[in-house]
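J.: A single structure is presented below for examination.
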Amino acid sequence: MSSTVADTAKKRMRFVLLLSILLLVIIAGRLFWVQGINPAAAAKEAADTRNRVETIAPTRGSILDKNGNVLAVSVDRYDLVVDQRDQKDTIRRKARDGSNSRERISWEQAIKELAEVLDQDVDELTKAIRPQDGAKPKGYVMIAKSVTPEVRNEVMEIGIPRLNSVLRSERQYPQGVIAGPLLGFVRNSEDQKGVVGAEGLELSQEDHLAGTAGKRKFEVSADGVRIPTTELEETPAVNGQDVLLSIDNDIQYVAQRAAEAKQKQFNAEWATVIVQEVKTGKLLAIGDSAELDPNNPGATEPEFRRSVSITRAFEPGSTGKAAIFAAAIDQGKVKPLDEFKVPNKKTFTKETINDSLPHATYDMTAAGIFARSYNTGTVMVGNQVSKQTRYDYMRAFGLGTPIDVGLNGASAGQLAAPETWDRRQQYTTLFGQGYSQTALHTASIFQTLANGGVRIQPSLIDGYRNEDGSISEPAERKETRVVKESTSSEMLKLMESVVESGTGTKMKIPGYRVGGKSGTGQAASAKGYDGYTYSFAGVAPLDDPQYVVVATMYRPQGNWRNFTVADTFTEVMSHTLNTYNVPPSTSDSEAYDVFVGEEQKKPW
């Protein structure tokens, strides 16, 4: 029996010995492989363990107006977080007396100092920083968000262990609601460390604003601290470009406030004011009545987070007559003093056209029809030109195509081909119905007529400023001749007739020759025509056209005869002329007679 036990013990000992020898052989083999056969792989594995790669975030470019006023800017902000684990009984830190000595303080003192810097409650901070009632310590607790670099530095000097700051980029809009729908806004990036464009220029100009991230590569010790003596490899970030706008912050402010006042006066759905340079096509202002603060975009209804001047198309009404008269004059079919017998109501191929107010049958000039904006007379003038030719001119003025000024959501409006026009539409398109356009389309038409007949693509972006201060030009603006220079000159006289003797007499500005065209268009909905759009597009000064101002009011409430944007136009145009020190006109009016004969004062 004892012999059997002894044999079993010997077998166990031999098994343990063989297993030990086998393990030694495996370890020796692995050591031989690592040190002799594959040392590079081992070195690489060790290096990979030590190496750290950090992304260097670029600074997002700013957005500025034409005078250098900052409309959007990125600033460095810090989130403060604390790790509750491994807290000692006291805190050892650098002395606060300016010496190089060290001191020990209690957690209570440190938290009290922190509460003063952050302006937070001491008890609440204590709960966030110190584990409470035996709770398991947390590795990550947020104690403050988006503090300035100055506050972050004060906090770090307190010396609380494992309290760290996380750098994040924050977008700010110093001008608040000014140009809000144009600027748009941002959202957090996927990694939550930065922002990306979500709407407006912030979105459309993302490629310019964002910049290119850099990288930093270095080695760390076992505790995660960088080893100072090791090589640092760094690829610098390339900061985003600044986007330079043609917008004038001062003009933009006045345009917005004027639009807002007009919307409130008539309880309209919206109002807008556009200011455009005649000779460059540059936009100085696009003012919307609905305010959007990019710092708090959620406070604005989604439909008004973009500029309605660009996104909302409507039937323009009588401002649309400008393109029709220009086409007829340019084709040599009509002259401003051609005579027409104009009744209040007239039937054309079984379609009866009415003027908005009853009036006697007048012997009128073509210029007078334009000035008094009679629909019956307009059809007489427009019928001198074929449907296809009228359509071609409307397209040349930009209708039926979205206007790209660097903003998303631009509407093309609707302009059907002439072969699809029904019996009535062939006439309604002559006086601004049966098609739609945006307020920016209207501005572009009048810029063309005031600029010698040359349409310049409207623009909002002047250029891009690089890190070295150099300026990159935007894409070349397209210029297209739409009508002859002589036609442009005649149309300015027709516009002056509107202000001198027609529907725009309230649009006069003392000291300046002003021309333009008013418009009252019926607003369509699923229920039919159940509202109005009221507008005025004006040019000044006519002896040397500089600016176009278009004021538009959509679906005002009340009696349409009371609707007016006269004060809106005159306020914004006057301010613009004064801001740029445009000298008063020195030439006399060139307005045409409205009626045939000597008598020019006749009832409406």
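J.: Run a plain Debye calculation on region 111-267 (Cα atoms as equal point scatterers, no solvent) and give log10 I(q)/I(0) at q = 0.15, 0.18 Å⁻¹, rounded to two decimals, same order as the q list.
T.: Results for region 111-267 at q = 0.15, 0.18 Å⁻¹ read -1.07, -1.19.
J.: Further question on the same structure: Using square roots of five times the C-alpha gyration tensor eigenvalues, list the equivalent-ellipsoid semi-axes of region 407-468 in whole Å, biggest first. Walk me through the intermediate numbers first.
T.: Values: eigenvalues 220, 46, 15 Å².
Semi-axes, largest first: 33, 15, 9 Å.
J.: Set Lys and Arg Cβ to +1 and Asp and Glu Cβ to -1, take the dipole of the chain about its Cα centre, and tell me which of G180, S488, Q414 lies farthest positive.
T.: The Cα lying farthest towards the positive end belongs to Q414.
J.: Another question, if that's okay. Take N354 and D392, extend 7 Å from each Cα along the Cα→Cβ direction, and tell me the distance between the two endpoints in nm.
T.: Distance between the two pseudo-spin positions: 3.6 nm.
J.: Counting only protein heavy atoms and using a 1.4 Å probe, what share of the accessible area of region 467-604 belongs to carbon plus sulfur, as a whole percent? Walk me through the numbers on the way to the answer.
T.: Working: 3100 of 6850 Å².
The value for region 467-604 is 45 percent carbon and sulfur by accessible area.
J.: With N denoting the number of residues in region 448-495, provide Rg(C-alpha) divided by 2.2 N^0.38 Å, to two decimal places.
T.: 1.66
J.: Please give the length that would be gained between K193 and E54 if that part of the chain were fully extended, namely 0.36 nm times their separation in residues minus their C-alpha to C-alpha distance (nm, one decimal).
T.: Between K193 and E54, full extension yields an extra 48.8 nm.
J.: Right, something else. Give the residue list of trypsin sites (Lys or Arg not before Pro) in region 328-435 that are DSSP loop and have at most 14 other beta-carbon atoms within 10 angstrom.
T.: In loop regions of region 328-435 (DSSP not H, G, I, E or B), the sparsely surrounded trypsin sites (Lys or Arg not before Pro) are K350, R423.
J.: So, taking all protein chains as they sit and a 1.4 Å probe, how much accessible area belongs to H441, in Å² rounded to tens?
T.: Number for this one is 0 Å².
J.: On to the next question. What ranking, highest mean first, results for peptides 479-489, 235-245 when packing means the other Cβ atoms within 10 Å averaged over each residue?
T.: 235-245, 479-489
J.: Let me check the size of region 341-386 from its C-alpha atoms; what are the radius of gyration and Dmax in Å?
T.: Here Rg and the maximum Cα pair distance are 9.9, 29 Å.
J.: Return one quarter of the surface area of the convex hull spanned by the alpha-carbon atoms of region 372-441, equal to its mean projected area, in nm². Write out the running numbers ahead of the final one.
T.: Details: hull surface 20.7 nm².
The number I arrive at for region 372-441 is 5.2 nm².
J.: Of K345/K508; K341/K493; K387/K517; K279/K387, which sit over 26 Å apart, Cα to Cα? Display every interim value, and only then the final one.
T.: Values: K345/K508 30 Å; K341/K493 21 Å; K387/K517 23 Å; K279/K387 30 Å.
Exceeds cut-off: K345/K508; K279/K387.
J.: More than 16 Å apart: what percent of Cα pairs in region 150-219 qualify?
T.: Counting pairs separated by more than 16 Å, the tail of P(r) holds 64 percent.
J.: When you take every Cα atom in region 236-395, what is the radius of gyration, and what is Dmax, the widest Cα pair distance, in Å?
T.: In order Rg, Dmax, the Cα atoms of region 236-395 give 21.6, 78 Å.
J.: Rounded to the nearest 10 Å², what accessible area does Y580 show when all protein chains are kept and the probe is 1.4 Å?
T.: Accessible area of Y580: about 70 Å².
J.: Heavy atoms of the protein only, probe of 1.4 Å, neighbouring chains included. What is the accessible area of I456 in Å², nearest 10?
T.: 10
J.: Name the shape class, rounded, prolate or oblate, that the alpha-carbon gyration tensor gives for region 262-340, where a ≥ b ≥ c are the square roots of its eigenvalues, rounded holds for a/c under 1.5, and otherwise prolate holds if a/b is larger than b/c and oblate otherwise.
T.: Prolate.
J.: Which helices, taking whole DSSP H runs in the chain, have alpha carbons extending 20 angstrom or more along the helix axis plus mean Kyte-Doolittle at least 0.5?
T.: 2-32
J.: Expressed as a whole percent, how much of the Cα-Cα distance distribution for the chain exceeds 43 Å?
T.: 44
J.: Taking the Cα centre of the chain as origin and charging only Cβ (+1 Lys, Arg; -1 Asp, Glu), how large is the dipole, in debye to the nearest 20?
T.: On the way: 72 positive and 77 negative charges, 394 e Å.
Dipole about the Cα centre, nearest 20: 1900 debye.
J.: Still on this structure, I have one more. So between R93 and E108, what do we pick up on full extension, going 0.36 nm a residue minus the alpha carbon distance?
T.: Length difference between fully extended and current span is 4.0 nm.
J.: Find the accessible area per residue for the chain; the probe is 1.4 Å, ligands and nucleic acids are left out, and the unit is Å².
T.: Accessible area per residue: 49 Å².
J.: For labels at S20 and A115 in the simple 7 Å Cα→Cβ model, what's the distance in nm?
T.: Placing both labels 7 Å along Cα→Cβ, they lie 6.4 nm apart.
J.: Could you work out the relative contact order of region 512-599, using alpha carbon pairs under 8 angstrom and six or more residues apart, expressed as a whole percent?
T.: 24
J.: Which Rg and Dmax, in Å, describe the Cα atoms of region 389-534?
T.: In order Rg, Dmax, the Cα atoms of region 389-534 give 18.1, 62 Å.
J.: Next up: Quote the charge dipole size of region 503-547 about the Cα centre in Debye, to the nearest 20; the model charges only the Cβ of Lys and Arg (+1) and of Asp and Glu (-1). List each step's numbers first, then the result.
T.: Values: 5 positive and 3 negative charges, 28 e Å.
About 140 debye.
J.: Hey, another quick one. In nm², what is the average projected area of the convex hull enclosing the Cα atoms of region 473-578?
T.: 9.8
J.: Also, quick follow-up: Out of the total accessible area of region 289-406 (probe 1.4 Å, heavy atoms of protein only), what percent is carbon and sulfur?
T.: Ligands and nucleic acids excluded, carbon and sulfur reach 45 percent.
J.: Given a Förster distance of 41 Å, report the FRET efficiency between K478 and E233 from their Cβ-Cβ distance, rounded to the nearest 0.05.
T.: Once the sixth-power term is evaluated, E becomes 0.30.
The values are calculated or read from the model by the stated rules, or taken from the named source; none is laboratory data. What you are looking at is a predicted structure, and each value in this text was computed from that prediction instead of being measured. As a convention, Cβ positions derive from the backbone with ideal geometry for all residues, glycine included, and neighbour counts pool all protein chains shown. Calculation scope for accessible area: heavy atoms of the full protein, side chains included, ligands and nucleic acids excluded. Shrake-Rupley method; radii C 1.70, N 1.55, O 1.52, S 1.80 Å.
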